[in-house]
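The values are calculated or read from the model by the stated rules, or taken from the named source; none is laboratory data. Note that the structure is a prediction, hence the values are computed from the model and not measured. Ideal geometry is used to build each Cβ from the backbone, glycine not excepted, and the neighbour counts take in all protein chains shown. Ligands, DNA and RNA are excluded from the accessible area calculation, which covers all protein heavy atoms including side chains. Shrake-Rupley method; radii C 1.70, N 1.55, O 1.52, S 1.80 Å.
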Amino acid sequence: MDQRNFYIETYGCQMNVSDTEIVNSILMEQGMQPVQEPEQSDIIFINTCSIRENAETRVWNRLKEFRSLKKEKDGNLTVGVLGCMAERIRETIMEKEEFVDLVVGPDAYRDLPKLLAEVNDGRKAVNVLLSQEETYADVKPVRTNDNGVNAFVTIMRGCDNMCAFCVVPFTRGRERSRPMESILDELGRLSDQGYKEVTLLGQNVNSYLDKDNDFTTLMYEASQIDPEMRIRFSSPHPKDFPEELLHVIAEQPNLCNYIHIPAQSGNNDVLERMRRPYTREQYFDLVDRMREIIPGVTLSTDIITGFCGETEEEHEDTMSLMAKVRYDLAYMFAYSERGRTLAQRKYEDDVPEEVKKRRLSEIIEQQMNIQEELNQQEIGRRHLVLIEGTSKRSDEQLCGRTDTNKMVVFDRHDLKKGDYAEVRITDCTSATLMGDVIGKSSIAGFSKKAEAVPA
Ligand code: SAH
Ligand code: SF4
Ligand code: F3S
């Protein structure tokens, strides 16, 4: 038994949050206890992200603080680097950051007890091997940091898409799917524990495949576990989005009417350089189908500005794509060159930093205006909101999201976290809706009412 305390700080995407829950489980099996403060712990892990330069810079800065803490504790602190950076920079970390004791990549977490034992013996420990099979299917994630309402469930790992700009295939290895049974079992457990919303995670969920079960089957089966538990997913790829899934989403009340569908660029030449195998026109067709089949569906996207060789006209195409689609939400980034990627090997990172930044602010400004206009149209509508907690501004107000993934703030009444409430929207900003509570509700109750009186 190892009875030490550990602390994990998580950076990067939802997949990393989910991985931290797997690490919790593996360490707690050994008798170790998670703590919420680095100062109180015997072991500090930092679960890292490599997606853009600034994600890595943030981790380096944090590591400096852990180095000081280790000094203050006269060396009585173990420091471990987990996750995507572990794959990329294991040598640098082990050579330059002599206070780092272990480096463990995303497919090697089962090895943590053994690696910690090596550190106890005074050695440094590394395992950054990537696996073709590891899905941690039998590990029951321990969720120590969430709100008890929303949970992430990883359904596949790795990525084979090799988008030219992206480091993920190098940090997370080959794509593999977790067995459907193990996913459905976890959803059942989450429902028993009172969770009300689950987001299924994968780098490209469309290619989920377990025997004959594809992503559409998985989504349908997931919807049947608990009719009062919402299901979301992230992310699909525009190149092979299954149309059948749109029908399943439209038919099942607990599959949310919200799709994150990363476009990256609105120009066909840029898409080709990015190795994103779809065109602007195909993307528009897909968006049209989504809106036809799921009336009222909301959409979000990821966009990169200033990719290698991006001209002003190509940038304008991204502006016009976004203006045409009118996303409800967008995650927008300036291109950041990553080692080993195709773009780094083949193209020059030739758009000057200030041009990338200017293009980024242009798309952000346009997006904020669109979001505000779309949110204005919500005023007067009724939504079913899943309450996630108290609002940031006041304890007297609660916040939660609509089925369409919009954040709503409203007065507390006698409602609490985890309840569904029917809310009428009264006001908005570009980021948030404000509303009046009509009453406590449920997915079943709200859908029945919506059929009788459309919102
Ligand atoms: N697998 C997910 C994306 C994971 S990364 C998907 O394909 O949807 C999340 C987002 O980060 C990407 O969609 C992309 O917009 C952005 N991104 C990835 N690599 C980047 C880079 N080198 N520079 C800037 N943004 C990048
Ligand atoms: Fe990266 Fe593309 Fe895979 Fe997404 S689909 S993780 S952007 S390589
Ligand atoms: Fe996620 Fe960052 Fe890795 S976005 S997959 S933690 S590089």
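Tabulated data for the structure shown
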{"item": "Pairs where the first residue, in segment 108-129, is in the same structural domain as Glu91 (by TED's automatic domain parsing) and the second is surrounded by fewer than 19 Cβ atoms within 10 Å (Cβ to Cβ) and assigned to a loop (DSSP other than H, G, I, E, B), C-beta under 7 Å, 6+ apart", "result": "Ala108/Val128; Ala108/Leu129; Pro113/Gln30; Leu116/Asp2"}
{"item": "Hey, Asn375 open to solvent by less than 30 Å² (accessible area, probe 1.4 Å) and within 25 Å of the chain's Cα centre (by Cα) or not", "result": "yes"}
{"item": "Subset tally (residues that are open to solvent by less than 20 Å² (accessible area, probe 1.4 Å), in contact (Cβ under 8 Å) with a residue 60 or more places away in the chain and more than 16 Å from ligand 2 (Cβ to nearest atom)) for segment 148-198", "result": "3"}
{"item": "Arg273, sole failed condition from (1) open to solvent by less than 20 Å² (accessible area, probe 1.4 Å); (2) within 30 Å of Gly306 (Cβ to Cβ); (3) among the charged types (D, E, K, R)", "result": "(1)"}
{"item": "Elements of type helices (runs of 4 or more DSSP H) in segment 81-149, at least 1 residues being under 20 Å from the mean Cα position of the chain (by Cα)", "result": "84-88"}
{"item": "Output for segment 11-68, where each listed residue is away from ligand 1 (no atom under 16 Å from the Cβ) and assigned to a loop (DSSP other than H, G, I, E, B)", "result": "Gln30, Gly31, Met32, Val35, Gln36, Glu37, Ser41, Asp42"}
{"item": "Residue match in segment 255-262 (condition: within 16 Å of ligand 3 (Cβ to nearest atom) and surrounded by 15 or more Cβ atoms within 10 Å (Cβ to Cβ))", "result": "yes"}
{"item": "Hits in segment 221-241 (condition: over 18 Å from the mean Cα position of the chain (by Cα), crowded, with 18+ Cβ neighbours inside 10 Å and free of Cβ contacts under 8 Å to residues at least 40 places away in the same chain)", "result": "Ala222, Ser223, Asp226"}
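The rows are residues; the columns are (1) of a type in the set (Asp, Glu); (2) farther than 19 Å from Glu362 by Cβ; (3) open to solvent by 30 Å² or more (accessible area, probe 1.4 Å).
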| position | (1), (2), (3) |
| --- | --- |
| Tyr278 | no, yes, no |
| Glu281 | yes, yes, yes |
| Leu286 | no, yes, no |
| Arg289 | no, yes, yes |
| Glu292 | yes, yes, yes |
| Ser320 | no, no, yes |
| Arg345 | no, yes, yes |
